[in-house]
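The values are calculated or read from the model by the stated rules, or taken from the named source; none is laboratory data. The structure displayed is predicted, hence computed values, not measured ones. Every residue, glycine among them, receives a Cβ derived from its backbone with ideal geometry; neighbour counts consider all protein chains shown. For the accessible areas, the whole protein counts, side chains as well, though only heavy atoms, and no ligand, DNA or RNA atoms are used. Shrake-Rupley method; radii C 1.70, N 1.55, O 1.52, S 1.80 Å.
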Amino acid sequence: MNIYNIFLTKKGEKTTLKVLMFGWEFPPFKSGGLGTACYGLTKGLSNLGVEIKFVIPKAPYDINGEFVELVTSEKFLTSHISEIKIPSRLVPYLNDEGFKNLQPSENSGMPNYGDNLWAEVEKYALLGGEIAKKTRFDVIHAHDWMTGKAGIKAKEATGKPLVFQIHATEFDRTGGNPNPEIYAIERECFEKADRIIAVSNLTKQIVVKHYGIAPEKIDVVYNAVNMEEGSNNEEDVRPPKLAVEDKIVLFLGRVTIQKGPGYFLEAAKKISEMDPNVKFIVAGSGDMIPRMVEKTAALGLSNKVIFSGFLRGKEVDTAFKMADVYVMPSVSEPFGITPLEAMKNGTPCIISKQSGVSEVVTHALKVDFWDIDEMVNKIMGVLNYSPLHKTLSEKGFDEIMRMSWDDSAGECIKTYKRVI
Amino acid sequence: MVSICFYFQVHQPFRLRKYGIFNIGNFHNYFDDKGNMEVLQKVAKKCYLPTTKLLKKLIEKHPEFKISFSLSGVVIEQFKKWAPEVLESFKDLAKTGNVEFISETYYHSLSSVYSNNEFKLQVEKHKKLIEKEFGVIPKVFRNTELIYSNKLGEQIRELGFMGAMAEGADKILGWRSPNFIYNPPRSDLKLLLKNYRLSDDIAFRFSNKDWKEYPLTIKKFTTWVDKINGNGEIINLFMDFETFGEHQWEHTGIFKFLENLPASILKHPDNDFITPSEAIEKIDSKGEFDCPKIISWADVERDLTAWVGNDIQKSAVKSLYDLEKGILETKDDQLIEDWRKMQTSDHFYYMCTKWFNDGDVHKYFNPYENPYDAFINFMNIINDIILRVEKITKKKIKGFEEIKIRGVK
């Protein structure tokens, strides 16, 4: 029996900790880091004996309106975790503008829940409150603003404490130009939560500075990485377009202002002036794709930079394996799980100092996102100094092996215990 | 009779400046003058000046009090540039006759391991400098960070030294005590072995509140010394000079401890102080110190892994020494001097990934945020040196495929 399994309620009787969690669909559904984090944390909590009612917005359409089959890993649904799906068009990383583009095609049969994103969030929150009334649990745990409101409704309906976990603030996502409505919802979540979990000290500081929340109310719980999904196949995954002597520099993430793809292209320009045999891959989708494609052409890099589009599942591992170095030039990255995934695949990482992950990872190179020359210096260092590549790859992998979602879950339980 | 032999290491490297890829081929000043001056002047104020002053006072008060120093050539160069008053204070100490100056490599380098030619040349260069500055010729040798092996014993015996210093490593000594003089197999060289327990009690543990012996009073320390009297002949207390006032700050009471030490030790009529060259003259070897593998005084492992433990360190060291032939061929004094200053062991120490997560000795005056930054900076400079050599000798240097930057002109 592990120590987290049993705790004492106010009456003094032993019971198992039960959590009502408003989370996000797990990978390989298109959800980026948020879904990955929810998956890992939930699994960690389950390993430690916590019972979880997991509520997710069940989106039958992805952001491009294509039908995708919802995949839930059956092996994941253990006796500790049960799942409740609420029909909803909410997907992570949405703003009102993006939501309006999310129109169902004529024959899709997608039900119309609301005219705009705000209505959808409210609707989801009300359903969350209803579910809470019918469910037995000790603590509510919500992730980011879109499900935060559901957490608040559940708290109001049941009087149970709310833990609100912030994976990314509107400040991070917009490069400092927050949408006022989203900001207001986030602030409400911070204020109404009994405790806040931030994914890094960086994020904690943002919440304190921009939302006026007392630092004592916030615990930092770092993310980890899902080890079991690493594949060690040594097959040559290099696409035929690329020559063997080519070195590959990878950007992988949403192509949005937050992730700093423009800085990546600036670095690419300087590197290709020095070494014509370096190729650059931009993997991911996002609202800045058109601008980035234009910029690539303007910089004369069209034959150097490859836009691969969004990658999922095994494709992600493949991309990391073919890359000689992974660069995460984020302008503001609350945590940033992708470097951990790169390290899992043995790929050396260059990560922005403006990221939460740089607080926990030691065997990676760190750079200010705006310092293009230093980024180039480090990329060229990894590409040219093979012992550096080897050491970062090996020690980075060892470091990742020591990180565990169970440890994160253990920290999370400490937060639960402070509010129950 | 037991004699205390103090030896203090005085050294500061010429740390490298931030040297990015765009500097390669364009800029050949590799050293951070401003940063190095700041560190040196800070340490001078906190340690070198007050401690040398105190030692002089103690020698005047207790004519029996004796000590020894090893000053690297590169630290003396820095004193001359940025803190001449410190060099003067060492000269004052030299004049007392109670202070011995020990031999080492001018550049505080790992040359004993990687190039015997360089090693000999750097020992010779250091010897000349010590003679010029302090008017004495060093008789006893200590290698960078007490790096030692049987082979080194032979190398320094060939250079004419009769004594050398080494770590009193348990893996070599076994049950035997470091408090005697030893000799390498089939050699008349005399070895002074560091008593690492008593040395580190002062150097590392003095202000450690978690240590069960904290606080270390002079009375307590004297009792430990007295206990050895009767079953040991010499106690070698070897440590960084920066222990006084820098590694152990003034408020810890380290200066008071040092001030009271001679009187307290000399209370016991059978205790005294001795210099290394007196020790090898007066005391006979009591046994063999057989050291086939390299030992040092660094970290828990007490081997070379602090400098060449990981692949980046090995690559950096190899690249540097592989350049030897090409560098010397250029006959360019500035280039050769730059290359030698790159040999200072600290540059490789900064690339150590062993104690990465701890705030430990690897961080002292370390200009880098992490070991990988240290490596990239060093290798960028190596690439610039390669270009300089190729330009002068007008031929391509071969054999640097794994570290040569592509596309830089």
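Some points to look at:
- The H on the amide N of B:L16, modeled in the peptide plane, is under 5 Å from the matching H of B:D32, each at least 5 residues off or on a different chain.
- Per residue value of the accessible surface for the protein assembly as shown (all protein chains in place, 1.4 Å probe), Å²: 41 Å²
- J(HN,Hα) series, the range A:366-374, from Karplus relation 6.51 cos²θ - 1.76 cosθ + 1.60, nearest Hz, glycine and proline x: 10, 8, 5, 4, 8, 8, 4, 4, 6
- Net charge over other residues, Cβ less than 14 angstrom from the Cβ of B:D92 (K, R count +1; D, E count -1): +1
- Highest mean first, the peptides B:133-146, B:181-194, A:161-174, B:255-268 sorted by other C-beta atoms within 10 Å per residue fall in the order A:161-174, B:133-146, B:181-194, B:255-268.
- Three-way shape label, the protein assembly as shown, alpha-carbon gyration tensor, a/c 1.5: prolate
- Per-residue 3J(HN,Hα) values for the range B:338-346, derived from phi via the Karplus relation 6.51 cos²θ - 1.76 cosθ + 1.60 with θ = phi - 60°, read 4, 4, 5, 5, 6, 7, 3, 4, 4 Hz in sequence order (x marks Gly and Pro).
- 0 to 90° range, to nearest 10: angle between helix B:116-134 axis and chain B longest Cα axis: 60 degrees
- Shielding of peptide A:267-276 by partners, expressed as the average count of other chain Cβ atoms within 10 Å per residue Cβ, is 2.
- The mean number of Cβ atoms from other chains found within 10 Å of a Cβ in peptide A:386-396 is 6, as a whole number.
- When the helices of chain B are scored as -39500 (n - 2.57) per DSSP H run of n ≥ 4 and the total is divided over every residue, the value at 222 nm lands at -13000 deg cm²/dmol.
- Annotation: for a label point projected 7 angstrom from Cα along Cα→Cβ of A:K133, residues of the range A:149-179 with backbone N closer than 15 Å are A:153-160.
- Residues of the range B:16-60 whose accessible area (probe 1.4 Å, heavy atoms of protein chains only) drops by at least 40 Å² once all protein chains are present, relative to their chain alone: B:K18, B:I21, B:F22.
- Here the Gaussian network model covers chain B, with springs between Cα atoms less than 10 Å apart; of B:N310, B:N195, B:N36, B:N310 fluctuates the most.
- Taking a ≥ b ≥ c as the square roots of the eigenvalues of the Cα gyration tensor, an a/c ratio of 1.5 or more together with a/b no larger than b/c marks the range B:2-288 as oblate.
- Computed on the range B:78-229, with alpha-carbon pairs under 8 angstrom and 6+ residues apart, the relative contact order is 14 percent.
- Between B:E402 and B:K220, the distance separating the two model label sites (each 7 Å from Cα on the Cα→Cβ line) works out to 4.8 nm.
- From most to least packed by mean Cβ count within 10 Å, the peptides B:57-65, A:319-327 give A:319-327, B:57-65.
- Once backbone amide H atoms are built at 1.01 Å from N, B:K194 has B:A166, B:E167, B:G168 as its partners under 5 Å, excluding neighbours fewer than 5 places away on the same chain.
- Greater than 26 Å apart at Cα, pairs in B:K81/B:K325; A:K134/A:K192; A:K344/B:K293: B:K81/B:K325; A:K344/B:K293
- For the range A:228-401: rounded, prolate or oblate by the Cα gyration tensor [a/c cutoff 1.5]: rounded
- Among residues other than B:R302 with Cβ under 11 Å from its Cβ, the summed charge is -3 (Lys and Arg +1, Asp and Glu -1).
- Phi angles of the range B:266-278 translate, via the Karplus equation with coefficients 6.51, -1.76, 1.60 and θ = phi - 60°, into HN-Hα couplings of 6, 4, 6, x, 8, 9, 8, 10, 9, 8, x, 6, 5 Hz per residue; Gly and Pro are given as x.
- Cβ-based net charge around A:P329, under 10 Å, with every Lys or Arg adding one and every Asp or Glu removing one: -3
- Averaged over the residues of B:373-386, the number of partner chain Cβ atoms lying within 10 Å of the residue Cβ comes to 3.
- Only beta bridges with both residues in the range B:2-288 are counted; by DSSP, about 10 percent of them are antiparallel.
- Ranked by how many other beta carbons lie within 10 Å on average, peptides A:134-142, B:214-222 from highest: A:134-142, B:214-222
- Summed over both chains, the contact between B and A buries some 2300 Å² of accessible surface at a probe radius of 1.4 Å.
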